[in-house]
Structures are given as structure tokens and as C-alpha cells.
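Heads up: the structure comes next, in C-alpha cells.
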Amino acid sequence: MTIDCNKLKSWPFGAVEQTYTDKDTMLYALSVGLGADPLDENQLKFVYEKNLQVLPTMANVLAYPGNWMRDPAAGIDWLRVVHGEHTMRLHKPLPAAGTIIGRTRITGVVDKGVGKGALLLRQREIFDQANGALLATLEQVSFCRGDGGYSANGGADGKQISDPPPPAPHELPKTDPQIVCDLPTLPQMALIYRLCADRHLLHADPAVARAAGFPRPILHGLGTLGVAGHALLKCCCGYDPAKLRSLRLRFSAPVYPGETIRMEMWKNGAVVSFRARVVERDIIVLNNGYAEIG
């Protein structure tokens with residue numbers, strides 16, 4: 001299977017319109033662990049309709065373009081694709097309910113070489129249908145582990161050219177973290193999270209997970225990001241969602257539902273550097289994290 005980078009960069013995503021309700025907003029918050037203590041009023045405001053607020057990271061599941069990589073025309077070995085890096089910028093607070101429009105495009109395809117995979121860069125902008133306001137910009141780097149080497153000698157048509165790689169990741173401080181926050185995940189977390197957007201079988205079907213090289217279904221990378229966003233809100237924003245302006249990070253290892261995620265953070269003015277590790281296996285699962293706090 002060989003990808004065609006020119007076809008991918010002109011992939012006809014089309015606009016995605018999504019109407020969501022307060023139920024969807026609460027389901028997302030529950031799916032990333034909010035409400036674990038039902039007496040904690042800071043968390044309750046994200047999972048209870050009274051004065052409902054929206055987690056900023058919910059932007060990542062809105063106007064999702066679907067599992068388009070499974071289309072044979074894409075030429076992607078979709079079972080071997082993993083989420084590599086992610087950037088989220090919030091331009092305005094998300095409404096607790098409403099209709100939004102998402103526009104997705106491929107911004108680059110990077111060939112790492114035969115046997116080394118390829119990087120697929122894409123951007124999704126989310127707009128409020130009511131007034132056209134840009135609410136969020138999401139940028140994602142997918143690591144297509146089975147698709148390297150497509151640009152060798154220009155490919156079959158001589159026009160397959162590798163784009164420049166994305167910018168180098170944010171460097172973390174060399175000192176011990178200033179803030180540490182442990183947050184548990186439920187064994188059924190991936191099954192709940194996939195109801196919010198991404199129903200990739202890797203996160204539910206044990207046979208598919210094994211075929212992809214994992215012993216059991218893994219948590220969505222964006223689910224892990226949602227837990228990290230919760231830790232940032234709790235420790236650096238006083239649970240005020242308007243204060244989390246942006247974040248970017250690199251996914252470095254999968255999380256298995258039921259594990260404990262430990263966020264390690266360094267705060268320097270409006271910037272928070274961070275990483276996350278799984279306590280039970282002492283392995284870093286999110287790295288090179290950078291967040292802007294308003």
C-alpha cells in the first residue's frame with residue numbers, strides 16, 4: 001500500500017456541521033474523569049446542567065471528520081496510525097450547547113523513509129454557526145507507521161515530494177517539576193470517550209488492538225490529553241476554563257484504561273511546561289507539553 005501525498009493534500013473533507021447539547025458537554029467531561037468526586041463543586045460545574053461550563057479540551061471532539069483514513073482511496077495503513085503531536089488554540093470560550101462548523105485540511109505529508117513511516121499534518125478550524133466566530137484551531141500530527149518511503153525517487157509519478165517536518169518540540173526544564181497531580185482513569189474510560197467522537201476500533205475491540213501491536217485496547221491519545229487538560233485547569237487555572245488559552249504536546253506512549261496519569265508541571269508566568277507519566281509502569285505518555293494560561 002502506497003500513499004499519494006498530492007491526493008491527500010487535496011482530500012475532499014467538506015465542512016462538518018454538528019449540533020451538540022448540554023448532555024454532550026457533560027458526557028465529554030465525564031469521559032475524561034471529571035465528577036470522580038461528586039461533592040467537588042469545581043468538577044461538578046462541568047458535569048451538571050446548573051451553570052454548566054465547558055472543558056476547553058472538548059474542542060478536540062467537535063466537528064470530527066470521521067475515520068476517513070479507512071477509505072482505501074487514502075492509501076493509508078490505518079491500523080498502524082498513531083497520534084504523534086497535537087496543538088489546540090482556543091480563540092473564544094466554547095458554548096455549553098450549540099451548532100458549530102468544522103473545516104479540516106491536510107497541511108503537509110512528511111516521508112521519514114522506507115520502514116520509518118510518514119507524518120501526516122492536518123488542521124481543523126471550528127466556527128460558531130450562529131455568528132461565524134472562530135472558536136478553536138486544532139493541529140494534529142499523525143504517525144503513519146506503515147507508509148514511509150512514498151517519495152523515493154519521486155514516487156511512481158515522479159511528483160511525490162516530502163514536505164518539511166513540523167517544528168521541534170518544546171523543551172522541558174531540567175529541574176524537578178514544581179507541581180505534581182495524579183489523576184486516575186477508569187477501566188471503561190476508552191469505551192466512554194469513544195462515544196464523544198472517535199469510534200476507532202483500536203479503543204474497543206481486543207482483536208483489533210492485538211492486530212495493531214497492543215495487548216489490549218488503548219486509551220485515545222486525545223483522551224489522555226483531556227486528562228492533562230483537567231490537571232492544568234485544577235492546578236494552574238483554578239478550574240476557570242477561560243484561562244486555558246492553548247496547549248501543545250507530543251504523544252510518547254499509550255495509556256491503558258484503568259492506569260493512573262501523573263502530570264508533572266513547571267509554571268513560569270503565563271507558560272506551563274508539562275509532561276505526563278503512567279504511575280503503574282513509570283513511563284512517560286505525554287511529553288514536551290506547553291500551555292498558555294491567561
Taking Cys181 and the conditions (1) surrounded by fewer than 20 Cβ atoms within 10 Å (Cβ to Cβ); (2) under 21 Å from Asn287 (Cβ atoms), which numbered condition does it fall short on, given that it satisfies the others? (1)
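Here's a check for you: in segment 17-51, which residue that is part of a loop (DSSP other than H, G, I, E, B) and surrounded by 19 or more Cβ atoms within 10 Å (Cβ to Cβ) is nearest to the chain's Cα centre (by Cα)?
Step one: list which residues in segment 17-51 are part of a loop (DSSP other than H, G, I, E, B), which gives 21, 32-40, 48-51.
Filter again for surrounded by 19 or more Cβ atoms within 10 Å (Cβ to Cβ), leaving 32-34.
Working: Val32: 12, Gly33: 16, Leu34: 17 Å.
Filtering segment 17-51 for residues that are part of a loop (DSSP other than H, G, I, E, B) and surrounded by 19 or more Cβ atoms within 10 Å (Cβ to Cβ), the one nearest to the chain's Cα centre (by Cα) comes out as Val32.
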Taking interchain pairs and intrachain pairs at least six residues apart, which have beta carbon atoms under 8 angstrom, with the first residue in segment 34-58 and more than 24 Å from Leu247 (Cβ to Cβ) and the second in a helix (DSSP H, G or I) and among the hydrophobic types (A, V, I, L, M, F, W, C)? Pro38/Leu44; Tyr48/Met26; Glu49/Met26
Pairs only if they're at least six apart or on different chains, beta carbon under 7 angstrom, first in segment 75-99 and closer than 19 Å to Val16 by Cα and without any contact (Cβ under 8 Å) to a residue 24 or more places away in the chain, second of a type in the set (Gly, Ala, Ser) and part of a loop (DSSP other than H, G, I, E, B); list them, first residue then second. none
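When you check Gly14 against the structure, is it in a loop (DSSP other than H, G, I, E, B), within 23 Å of the chain's Cα centre (by Cα) and at pLDDT below 90, yes or no? Break it down stepwise before answering.
On the way: in a loop (DSSP other than H, G, I, E, B): yes; within 23 Å of the chain's Cα centre (by Cα): yes; at pLDDT below 90: no.
Spelling it out, it is not the case that Gly14 is in a loop (DSSP other than H, G, I, E, B), within 23 Å of the chain's Cα centre (by Cα) and at pLDDT below 90.
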Taking segment 154-196 as the search range and keeping residues that are of a type in the set (D, E, K, R) and part of a loop (DSSP other than H, G, I, E, B), which one is nearest to Ser142 (Cα to Cα)? Asp163
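Among the residues of segment 269-290, how many are in contact (Cβ under 8 Å) with a residue 24 or more places away in the chain and either farther than 30 Å from Ala209 by Cβ or in contact with a His (Cβ under 8 Å, 6 or more places away or on another chain) (or both)? Step through it out loud before you land on a result.
Taking segment 269-290 first, the residues in contact (Cβ under 8 Å) with a residue 24 or more places away in the chain are 270, 272-276, 278-279, 283-290.
So of that shortlist, the ones also either farther than 30 Å from Ala209 by Cβ or in contact with a His (Cβ under 8 Å, 6 or more places away or on another chain) (or both) come out as 270, 272-273, 288-290.
Of the residues in that region, 6 qualify.
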Which of the strands (runs of 3 or more DSSP E) contained wholly in segment 233-294 include at least 2 residues that are under 14 Å from the mean Cα position of the chain (by Cα) and crowded, with 20+ Cβ neighbours inside 10 Å? 244-251, 283-293
Looking only at residues that are within 22 Å of the chain's Cα centre (by Cα) and not aromatic (Phe, Trp, Tyr) in segment 1-11, which one is surrounded by the fewest Cβ atoms within 10 Å (Cβ to Cβ)? Lys9
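Suppose we keep only residues that are of a type in the set (Val, Ile, Thr) and either part of a helix (DSSP H, G or I) or out of contact with any strand residue (DSSP E or B) (no Cβ under 8 Å at 6 or more places or on another chain) (or both) within segment 61-115. Which one would you say is surrounded by the fewest Cβ atoms within 10 Å (Cβ to Cβ)? Spell out how you get there, then give the answer.
Residues of segment 61-115 of a type in the set (Val, Ile, Thr): 61, 76, 81-82, 87, 99-101, 104, 106-107, 109-110, 114.
After this cut, where a residue has to be either part of a helix (DSSP H, G or I) or out of contact with any strand residue (DSSP E or B) (no Cβ under 8 Å at 6 or more places or on another chain) (or both) as well, the list is 61, 114.
On the way: Val61: 24, Val114: 10.
Checking each candidate, the answer is Val114.
The values are calculated or read from the model by the stated rules, or taken from the named source; none is laboratory data. No experiment lies behind these values; they were computed from the predicted model shown. All Cβ positions, glycine included, derive from the backbone under ideal geometry; neighbour counts span all protein chains shown.
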